[in-house]
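Undergrad: Questions regarding the structure given below will be posed in turn.
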There are 2 protein chains.
Amino acid sequence: MNKQGVLTVVSGFSGAGKGCVMKALLKKYNYELSISATTRAPRTGEEHGREYFFLTREEFQGMINNSELIEWAEYVGNYYGTPKKYVENQLNAGKDVILEIEIQGALKVKNQFPDALLIFITPPTGEELKSRLIRRGTESIDKIKQRLQRAADEVIHMEEYDYIVLNETDKLEECVETVHNIIQNEHYKASNNYNFIIKMKDELKAFKEGDI
Amino acid sequence: MNKQGVLTVVSGFSGAGKGCVMKALLKKYNYELSISATTRAPRTGEEHGREYFFLTREEFQGMINNSELIEWAEYVGNYYGTPKKYVENQLNAGKDVILEIEIQGALKVKNQFPDALLIFITPPTGEELKSRLIRRGTESIDKIKQRLQRAADEVIHMEEYDYIVLNETDKLEECVETVHNIIQNEHYKASNNYNFIIKMKDELKAFKEGDI
């Protein structure tokens, strides 16, 4: 079947446990996590081309001007973005690429790659999202309120995703398997197998026209 | 997630081994196979409501007139069709229903149930389809030619299916698992989970408006 890689975008509410799902998924299966470009300074131990592509503002601005980024945003004075070339190279090499980005970015990716698969990972209830944020115990009530308000703004776009996967408490493995299955099934979509369809049409047409 | 059953239509070239796949799938997993209506006489051992709903021509004609069939066709002097009510009852009871019907019928189902999942099961090559028909050893060369010509007519509609699954030699189990995964993933589609999305929107909106 199709040899082209599948481009998957995974999003979810901040604090909902999406990070744990992605970590477990990448540990168990062979996916290519897209590397973002940024203008922020590398932290100790971070390497260019591993955690990020570290660029100057001029370099980043040049990529914006040349449409070399699938999506980008400015956050606390620094640029962050997804280099198009890196993603395309991985897909053409037959690798399934995952982008873990927030919702506005995800919708921009879908715009440029209509075949991209958009998966939204969510806790089963709003109450559960709140509980997880509180249980982490690392943030003030004000910060938690901010995150919940952001979730309320983001949920409006949930229906623009292709699939919604629940990340239920103590069911991490189930969530990881579901995400993996959804991605792998993309390889069987008719729209991803036009070459195979054309081949079958040619072969069967030959039987019709000639002897068998 | 969504409690509504998924309606799946499985088609494939005659003689390609689709029957084996369906048999193994239904043995291993809990799917509801839709029962067709027909005007042909029951054969020994066949029961009304098990193999078929056996109807008179008048009864069948009445169902056509009252739009009670999802699709129907006349074949060698007898009517065959899929009763709408039976399928809808099963779906509303949360059961995943499978229709095993030929291609023209499948496209009519998609017309009436746009959310129906269409899966096409195919051998990996035209040559392999020919070999399987010959290996069965039950039919004349003329009959085999007819089947291949029909396949050549049918392959034109392959791209109208949602998924294409290869039924490769000695890989029956793999094919069955793929079909099962594709059907189960439908339950995670955003378009099948509007109730969940509405619930999350309401819950998160409440956080935004009130205290947490």
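Undergrad: Residue under question is A:LEU33, and the condition is that it be under 30 Å from B:ILE121 (Cβ atoms) and surrounded by 13 or more Cβ atoms within 10 Å (Cβ to Cβ); does it hold?
TA: Details: under 30 Å from B:ILE121 (Cβ atoms): no; surrounded by 13 or more Cβ atoms within 10 Å (Cβ to Cβ): yes.
Criteria not met by A:LEU33.
Undergrad: So which strands (runs of 3 or more DSSP E) are wholly in the range A:1-119 and hold at least 2 residues that are assigned by TED's automatic domain parsing to the domain that holds A:LEU148 and polar (S, T, N, Q)? Quick ask: steps written out before the conclusion?
TA: Values: elements: A:7-12, A:36-38, A:52-54, A:69-75, A:78-83, A:97-100.
Correct list: A:7-12.
For every residue, the table says whether it meets (1) of a type in the set (Phe, Trp, Tyr); (2) in contact (Cβ under 8 Å) with a residue 24 or more places away in the chain; (3) at positive phi; (4) in contact with a Cys (Cβ under 6 Å, 6 or more places away or on another chain).
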residue: B:LYS27; (1), (2), (3), (4): no, no, no, no
residue: B:TYR31; (1), (2), (3), (4): yes, yes, no, no
residue: B:SER36; (1), (2), (3), (4): no, yes, no, no
residue: B:ARG40; (1), (2), (3), (4): no, yes, no, no
residue: B:THR44; (1), (2), (3), (4): no, no, no, no
residue: B:THR56; (1), (2), (3), (4): no, no, no, no
residue: B:GLN61; (1), (2), (3), (4): no, no, no, no
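Undergrad: Here is a further query. Could you list, ordered by first residue, the pairs with Cβ atoms under 7 Å in which the first is in the range A:125-141 and outside the structural domain of A:GLY17 (by TED's automatic domain parsing) and the second is assigned to a helix (DSSP H, G or I), at least 6 apart or interchain?
TA: Listed by first residue and then by second, the contacts come to nothing, as the list is empty.
Undergrad: If you don't mind, there's one more thing I want to ask. Being touching a residue at least 40 places away in the same chain (Cβ under 8 Å) and at the interface with chain B (Cβ under 10 Å from one of its Cβ atoms) is the filter; apply it to the range A:158-174 and report the residue that is surrounded by the fewest Cβ atoms within 10 Å (Cβ to Cβ). Before the answer, list the steps.
TA: Here is the first cut: in the range A:158-174, the ones touching a residue at least 40 places away in the same chain (Cβ under 8 Å) are A:160-169, A:172-173.
Narrowing the set further to residues that are at the interface with chain B (Cβ under 10 Å from one of its Cβ atoms) leaves A:160-166.
Working: A:GLU160: 13, A:TYR161: 26, A:ASP162: 18, A:TYR163: 24, A:ILE164: 25, A:VAL165: 24, A:LEU166: 18.
Checking each candidate, the answer is A:GLU160.
Undergrad: Restricting the search to the range A:193-210, which residues are outside any helix (DSSP H, G or I) and at the interface with chain B (Cβ under 9 Å from one of its Cβ atoms)? Even if it seems obvious, please write down each step before you answer.
TA: Of the range A:193-210, the ones outside any helix (DSSP H, G or I) are A:193, A:210.
Selection gives A:ASN193 alone.
Undergrad: Also: Checking A:ILE183 against (1) buried (at least 18 other Cβ atoms within 10 Å of the Cβ); (2) farther than 24 Å from B:VAL165 by Cβ: exactly one of these is not met. Which one?
TA: (2)
Undergrad: Go through A:GLU51, A:GLU46, A:GLU68, A:GLU74 for me and flag whichever is surrounded by fewer than 19 Cβ atoms within 10 Å (Cβ to Cβ), modelled with pLDDT of 95 or more and farther than 26 Å from A:ARG135 by Cβ.
TA: Working: A:GLU51 fails: modelled with pLDDT of 95 or more; A:GLU46 fails: modelled with pLDDT of 95 or more; A:GLU74 fails: modelled with pLDDT of 95 or more.
Matching residue, one of A:GLU51, A:GLU46, A:GLU68, A:GLU74: A:GLU68.
Undergrad: Another question, then. Only residues that are over 19 Å from A:GLY19 (Cβ atoms) and either among the charged types (D, E, K, R) or outside any helix (DSSP H, G or I) (or both): list them for the range A:130-166, please.
TA: Across the range A:130-166, the qualifying residues are A:SER140, A:ASP142, A:LYS145, A:ASP153, A:GLU159, A:GLU160, A:ASP162.
Undergrad: While we're on this one: Is it the case, given these coordinates, that B:ALA190 is touching a residue at least 24 places away in the same chain (Cβ under 8 Å), at the interface with chain A (Cβ under 7 Å from one of its Cβ atoms) and buried (at least 18 other Cβ atoms within 10 Å of the Cβ)?
TA: Numbers: touching a residue at least 24 places away in the same chain (Cβ under 8 Å): no; at the interface with chain A (Cβ under 7 Å from one of its Cβ atoms): yes; buried (at least 18 other Cβ atoms within 10 Å of the Cβ): yes.
Answer is no for this residue.
The values are calculated or read from the model by the stated rules, or taken from the named source; none is laboratory data. Quantities reported herein were computed from a predicted structural model and do not represent experimental measurements. All Cβ positions, even for glycine, are placed from backbone atoms using ideal geometry, and neighbour counts span all protein chains on display.
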